[in-house]
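Asker: Once you've had a glance at the structure underneath, I'll fire off some questions.
The values are calculated or read from the model by the stated rules, or taken from the named source; none is laboratory data. These numbers come from a predicted model, not from an experiment. All Cβ positions, glycine included, derive from the backbone under ideal geometry; neighbour counts span all protein chains shown. Calculation scope for accessible area: heavy atoms of the full protein, side chains included, ligands and nucleic acids excluded. Shrake-Rupley method; radii C 1.70, N 1.55, O 1.52, S 1.80 Å.
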Amino acid sequence: MNVRSAVRPTRSNRSIGWVPYPLIAVVVIPAIAGSLRLIELAGGPHMLPANPRITASPLPVIVHIVCAVLYSVLGAFQFSTGLRRRWPKWHRVAGRVVVALGLAVAFSALWMTAFYPHIPGGVLAHVFRLAFGTGMAASIILGFIAIRRRDVNSHRAWMARAYALALGAGTQALTLGIGKAIFGDSELTTALMLGAGWGINLAVVEYIIRARFRVPVRARIPVSAKAA
């Protein structure tokens, strides 16, 4: 009995795996900054630089921050293979919530890009935000369509792309800091480092998708060729 009780916690920990935790760690910095901004909008102390755009129209920012934090945390556990196997119903229910949260994140970001004036980074950053925000929304929609068709591999690939774009804020905390330290603070540097954050995440996730979901050679051989 003692041996069994000692083994069970180990199985429980392994069932979740380590994958969700580094994903959550990536968004710690933007999550802290977002939480400070929410405290500020609720009437608390101003601990971040003043932003008149947010003060004039706070609702899209509130939606974006709250949904982004929830999406990043809940979405991270969707990539746990052990969690999907042990609690498939939880994965399906949480997946629907993640889809709604992800679309709210993408569309609120697009709204702020389209209607907030004088967003840092200039025209190039404006284009990047529109392109990657649209890409995130499209990836979530395509992933949802894929799972409705029972195409699990395509579903996972599209959802991974959407999540990688959502984690862009975490990577950009590094690229912006490094870029401005080396090249100085300018609109071009800001735009390029923002794009680099999204680009790095997409490159990493595409490598993982191609390595993990690579179709075996036998699976690519037509049925007629197999019969022959």
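Asker: Counting Lys and Arg as +1 and Asp and Glu as -1, what is the net charge of the other residues whose Cβ lies under 13 Å from the Cβ of residue 142?
Answerer: +3
Asker: Turning to a different aspect of this structure: What nm value, rounded to one decimal, do you get for the distance between residue 96 and residue 53 when each label is placed 7 Å out toward the C-beta?
Answerer: Label-label distance for residue 96 and residue 53, simple model: 3.5 nm.
Asker: Suppose all protein chains stay in the model; what accessible area per residue would a 1.4 Å probe give for the chain, in Å²?
Answerer: Per residue, the chain has an accessible area of 62 Å².
Asker: In addition: Name the most mobile residue of 191, 169, 203, meaning the one with the largest mean-square fluctuation, in a Gaussian network model of the chain with Cα contacts below 10 Å.
Answerer: Result: 203 has the largest fluctuation of those listed.
Asker: Go through the range 143-155 residue by residue and turn each phi into a ³J(HN,Hα) via Karplus (6.51, -1.76, 1.60, θ = phi - 60°); whole Hz please, and just put x for glycine and proline.
Answerer: Computed from phi, the couplings for the range 143-155 are x, 5, 4, 5, 6, 5, 8, 6, 8, 5, 4, 5, 4 Hz.
Asker: A follow-up question, please. Give the span of the range 56-172's Cα atoms along each principal axis, as three whole-Å numbers ordered largest to smallest.
Answerer: 48, 24, 23
Asker: So what is the calculated 222 nm ellipticity per residue for the chain, using -39500 (n - 2.57) for each DSSP H run with n of 4 or more, over all residues, to the nearest 500 deg cm²/dmol?
Answerer: About -26500 deg cm²/dmol.
Asker: Just reorder 40, 206, 187 by solvent-accessible area, largest first, 1.4 Å probe, all chains present.
Answerer: Sorted descending by solvent-accessible area, the residues read 187, 206, 40.
Asker: Where the accessible area of the chain is counted over protein heavy atoms with a 1.4 Å probe, how much of it, in %, is carbon and sulfur?
Answerer: Details: 9530 of 14050 Å².
Here it works out to 68 percent.
Asker: What Kirkwood Rh does the chain have if only Cα atoms enter the pairwise 1/r average? Answer in Å. Don't skip to the end; give the middle numbers.
Answerer: On the way: mean 1/r = 0.0510 Å⁻¹.
Radius from the Kirkwood sum: 19.6 Å.
Asker: Report D for the range 33-107 in µm² per second (integer): Stokes-Einstein, Kirkwood Rh on Cα pairs, 10 °C, 1.306 mPa s.
Answerer: Translational D for this selection: 114 µm²/s.
Asker: Once the whole set of protein chains is in place, how much accessible area is left on residue 163, using a 1.4 Å probe, in Å² to the nearest 10?
Answerer: 10 Å²
Asker: To the nearest 10 square angstrom, how much accessible area does residue 174 have with a 1.4 angstrom probe?
Answerer: 110 Å²
Asker: Along the charge dipole of the chain, which of 199, 43, 140 sits closest to the positive end, that is, farthest toward it, with unit charges on the beta carbon of Lys, Arg, Asp and Glu (+1, +1, -1, -1)?
Answerer: Value: 140.
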